[in-house]
Amino acid sequence: MNDRSTPFAELAAVAADVAATRSKLAKRDRLAGYLRGLPSTDLGTAVAFFAGRPLRDATAKLGMGWVQQGAALSAAAGVDAEALRAAYLRHSDLGDAAADLLTGRSSGGLSVADVGEAFERMASAAANDKRVALLRGLFARSSAEEARFLGRISSRETRIGLREGLLEEAVATAFDAPLEDVRRAHMLTGDLGEAASLARDGRLQRAALHVGRPVRFMLATPAADAAEVMRRVGDEAWIEDKYDGIRAQLHVSRGGQPRLFSRDLNDVTRSFPEVVAAAAGLSDSVPLVIDGELVPWRAGSVGDFASLQSRLGRVRPSAKLLAEVPVVLVAFDLLHASGRDVLDAPLRERRAALEALHLPDRSGGGILLSRLATATSAAEVDRGFDDARERHNEGLMVKDPGSSYQPGRRGLGWLKLKKALATLDCVVVGVEWGHGKRHGLLSDYTFAIRESDAADSRLLTIGKAYTGLTDAEIAGMTERFASITLQDFGRYRTVVPEVVVEIAFDRIMRSTRHRSGFAMRFPRIVRVRDDKTPEEIDTLPTVEALFAAQASGRILLATGAAGQTERIALDG
Ligand code: AMP
């Protein structure tokens, strides 16, 4: 059926070469040569695979976790759960485990299109059985090398030392296009496969945002204190409350249904009907795309993040829940208005256009504008921070009014200043049974940071804490950890590193106890960050910078009431 598609074995061989090559230029050129030779039917799919994505549509999910992937692999390899677990433990990687278990198999003639279509069918399958059967079918037709790459794509990690930036370079080299144009097309369309096709056809200038398809969110860089903020932004800083909720992108198309996307690019439209209803009132400036934060809203002000928890993950909230925990979208940026992309315009202009929408809030519901002010000194930034905290917000965002909107980038256009000077995002690598009240629950978590930003960065443990979650949440987490256990040592078990937790602490100390070389004083689990992937957790350089800032006395952290951490001294 896919007779024009090329063999998947070729793609897997290129992936193996790239993984085995140290030189970035050689990696780029190997990939570029391969992409250039592909038929147009395979180009988008192959690029998505190299980006570690099984599906072209970045918002679509395979809907398979480690349990289903493991089941598919063990069935294809004809091994039991114990052998599967042992293989995973030898490699800590589903792809390598797959290659190990399928050693000696020869290729069953899969094409790139066969694999792409099977993944599409997994994503749209109604039941887990069906998904497992489809993946098992792919593994069963694979050589060890094909299985290695299949395992990596399906667990969304290519680990071939290929950063997305390098893949963009390979696309530019393959089709002799300017790198900047490829990046821009990727950013706007949200699909490097589409960018590659545009590059191939010499149409990169035509790339545009698709209303209804999420664009990656612009990210912020942490700042240690107000003095650093002023050093970075110069004379005038725009300071905005940092709302403690969940990030969302609102798309309203002409005559179409509004759609809301979460930070991980999931469609969460049905979960927030009150915001969607308010968006329907924006008919004047459609099509448009707004960036903002969903927060709980109570009697005209921001509610507590904890209350939002009950709304998260509810696909269709009941009328009772909607009345109990109403949510609003606090809008702080505009990406597209009246059918025109405005990402490249300076924030100053985007903000003016956002204000010109006359958002339909007022009566305490729907969509409202973020609170924005200017600051010209560190003292004003500090005052702004305290005022934002008074309003129950997390801290401040500091923005450069001249900056463009940079999807997916953690630039200096946005800085974040929050109590989270004392929080780090980590991934859980081990869990332990609790005692006393926590008997029978996996409640003590060992967590790690990443060594660096590199795609194949190692995880380094930094601490252990028992959770501050509610009993019901811990019970849920116990089940989840049981299903992703790698090795069971009785009291302690290692788990697949996929659960991201935000950890608060008082100080960072040097320590030989953990592999990072650091430990935290009084670590506390603030919350599970299901909106973040393990690729997004904090890194060793961040911990080193915090340690240095703390040692130089630029920040001093101390515990306040209810485990809240506050900055109690700043020497500017
Ligand atoms: P963090 O999640 O700690 O890395 O902080 C960055 C996040 O703060 C963003 O992704 C947004 O979800 C959130 N945020 C809250 N208020 C704002 C704001 N005014 N501007 C930008 N981001 C904000």
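Taken together, Ser262, Ser338, Ser271 contain a single residue that is without any contact (Cβ under 8 Å) to a residue 60 or more places away in the chain, within 26 Å of Thr533 (Cβ to Cβ) and small (Gly, Ala, Ser), which is Ser271.
Scanning the range 216-242 for residues that are within 20 Å of Gln550 (Cβ to Cβ), open to solvent by less than 20 Å² (accessible area, probe 1.4 Å) and charged (D, E, K, R) yields a total of 1.
Suppose we filter Arg183, Arg213 for residues that are open to solvent by 30 Å² or more (accessible area, probe 1.4 Å), in a helix (DSSP H, G or I) and away from the ligand (no atom under 16 Å from the Cβ); which single one remains?
Arg183
Considering the range 143-172, and only residues there that are in contact with an Asp or Glu (Cβ under 7 Å, 6 or more places away or on another chain) and open to solvent by 40 Å² or more (accessible area, probe 1.4 Å), the residue that is nearest to Gly109 (Cα to Cα) turns out to be Arg148.
For every residue, the table says whether it meets (1) part of a loop (DSSP other than H, G, I, E, B); (2) open to solvent by 30 Å² or more (accessible area, probe 1.4 Å); (3) in contact with a Gly (Cβ under 7 Å, 6 or more places away or on another chain).
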{"residue": "Arg4", "(1), (2), (3)": "yes, yes, no"}
{"residue": "Val14", "(1), (2), (3)": "no, no, no"}
{"residue": "Ala46", "(1), (2), (3)": "no, no, no"}
{"residue": "Arg56", "(1), (2), (3)": "yes, yes, yes"}
{"residue": "Val67", "(1), (2), (3)": "no, yes, no"}
{"residue": "Ser74", "(1), (2), (3)": "no, no, no"}
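Looking across the range 381-397 at every residue that is at pLDDT 90 or above and open to solvent by 60 Å² or more (accessible area, probe 1.4 Å), the one that is farthest from the ligand (Cβ to nearest atom) is identified as Arg383.
Taking Gly476 as the residue in question, decide whether it is at pLDDT below 95 and more than 19 Å from Val528 (Cβ to Cβ).
The answer is no for Gly476.
Scanning the range 324-348 for residues that are open to solvent by 70 Å² or more (accessible area, probe 1.4 Å) and out of contact with any Ser or Thr (no Cβ under 6 Å at 6 or more places or on another chain), we see that the one that is nearest to Pro214 (Cα to Cα) is Arg340.
This table checks each residue for (1) within 25 Å of Lys418 (Cβ to Cβ); (2) without any contact (Cβ under 8 Å) to a residue 24 or more places away in the chain; (3) assigned to a strand (DSSP E or B); (4) of a type in the set (Val, Ile, Thr).
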site: Glu432; (1), (2), (3), (4): no, no, yes, no
site: Ser443; (1), (2), (3), (4): no, no, yes, no
site: Asp453; (1), (2), (3), (4): yes, no, no, no
site: Tyr466; (1), (2), (3), (4): yes, no, yes, no
site: Ala472; (1), (2), (3), (4): no, yes, no, no
site: Met477; (1), (2), (3), (4): yes, no, no, no
site: Ile503; (1), (2), (3), (4): yes, no, yes, yes
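In the range 179-234, which residue that is β-branched (Val, Ile, Thr) and over 23 Å from Val286 (Cα atoms) is nearest to the chain's Cα centre (by Cα)? Looking at residues that are β-branched (Val, Ile, Thr) and over 23 Å from Val286 (Cα atoms), I get Thr221. If Glu502 satisfies all but one of (1) modelled with pLDDT of 90 or more; (2) open to solvent by 40 Å² or more (accessible area, probe 1.4 Å); (3) charged (D, E, K, R), what's the number of the condition it fails? Only one criterion is unmet by Glu502, namely (2). Within the set Ala227, Ala248, the sole residue that is touching a residue at least 24 places away in the same chain (Cβ under 8 Å) and out of contact with any strand residue (DSSP E or B) (no Cβ under 7 Å at 6 or more places or on another chain) turns out to be Ala227. So is Arg159 modelled with pLDDT under 95 and either among the aromatic types (Phe, Trp, Tyr) or in a loop (DSSP other than H, G, I, E, B) (or both) or not? Here the answer is yes, as Arg159 does meet what is asked.
Return a yes/no flag: does the range 507-516 have any residue that is outside the structural domain of Gln309 (by TED's automatic domain parsing), among the β-branched types (Val, Ile, Thr) and within 30 Å of Gln68 (Cα to Cα).
No; the residues of the range 507-516 include none that is outside the structural domain of Gln309 (by TED's automatic domain parsing), among the β-branched types (Val, Ile, Thr) and within 30 Å of Gln68 (Cα to Cα).
Restricting the range 294-316 to residues that are in a strand (DSSP E or B) and within 10 Å of Val327 (Cβ to Cβ), which is most open to solvent (accessible area, probe 1.4 Å)? For the range 294-316, the residue satisfying everything is Trp297.
If we keep just the residues of the range 80-137 that are among the polar types (S, T, N, Q) and open to solvent by 80 Å² or more (accessible area, probe 1.4 Å), which is nearest to Ser5 (Cα to Cα)? My answer is Ser106.
Does the range 480-492 hold any residues that are more than 23 Å from the chain's Cα centre (by Cα) and open to solvent by 30 Å² or more (accessible area, probe 1.4 Å), and which are they? Hits for the range 480-492 are Ala482, Gln487, Asp488, Phe489, Gly490, Arg491, Tyr492.
Which pairs do you get when a residue that is of a type in the set (Val, Ile, Thr), found in the range 368-388, comes within reach of a residue that is not in a strand (DSSP E or B), reach meaning Cβ atoms under 8 angstrom, with the pair 6+ apart or on two chains? Within 8 Å, the pairs are Thr374/Glu236; Thr376/Asp235; Thr376/Glu236; Val381/Ala226; Val381/Val229; Val381/Met230. Looking only at the range 415-425, filter to residues that are touching a Leu at 6+ places or on another chain (Cβ under 9 Å) and in a strand (DSSP E or B); which one of those is surrounded by the fewest Cβ atoms within 10 Å (Cβ to Cβ)? The selected residue is Lys416. The residue list Ala323, Ala278 contains one member that is away from the ligand (no atom under 13 Å from the Cβ), part of a helix (DSSP H, G or I) and touching a strand residue (DSSP E or B) at 6+ places or on another chain (Cβ under 7 Å), which is Ala278. Out of curiosity, is Leu43 under 15 Å from Ala174 (Cβ atoms) and in contact with a helix residue (DSSP H, G or I) (Cβ under 9 Å, 6 or more places away or on another chain)? The answer is yes for Leu43.
If a residue has to be touching a residue at least 60 places away in the same chain (Cβ under 8 Å) and open to solvent by 20 Å² or more (accessible area, probe 1.4 Å) to count, how many in the range 275-285 make the cut?
Initially, the range 275-285 is screened for residues touching a residue at least 60 places away in the same chain (Cβ under 8 Å), giving 275, 277-279, 281-282, 284-285.
Imposing the further condition that a residue be open to solvent by 20 Å² or more (accessible area, probe 1.4 Å) reduces the set to 277, 281, 284-285.
Residues flagged as touching a residue at least 60 places away in the same chain (Cβ under 8 Å) and open to solvent by 20 Å² or more (accessible area, probe 1.4 Å) within the range 275-285 amount to 4.
Assessment of the range 231-240 against the conditions (more than 14 Å from Lys416 (Cα to Cα) and small (Gly, Ala, Ser)) yields at least one matching residue. On inspection, Ala208 passes the criterion of being over 21 Å from Thr45 (Cβ atoms), outside the structural domain of Leu369 (by TED's automatic domain parsing) and either open to solvent by less than 20 Å² (accessible area, probe 1.4 Å) or in contact with a helix residue (DSSP H, G or I) (Cβ under 8 Å, 6 or more places away or on another chain) (or both).
The values are calculated or read from the model by the stated rules, or taken from the named source; none is laboratory data. All of these numbers come straight from a predicted model, not from anything done at the bench. FYI the Cβ positions are ideal-geometry reconstructions off the backbone, even for glycines, and counts take in every protein chain you see. Remember, those area values only see protein heavy atoms, side chains included, never the ligands or the DNA or RNA. Shrake-Rupley method; radii C 1.70, N 1.55, O 1.52, S 1.80 Å.
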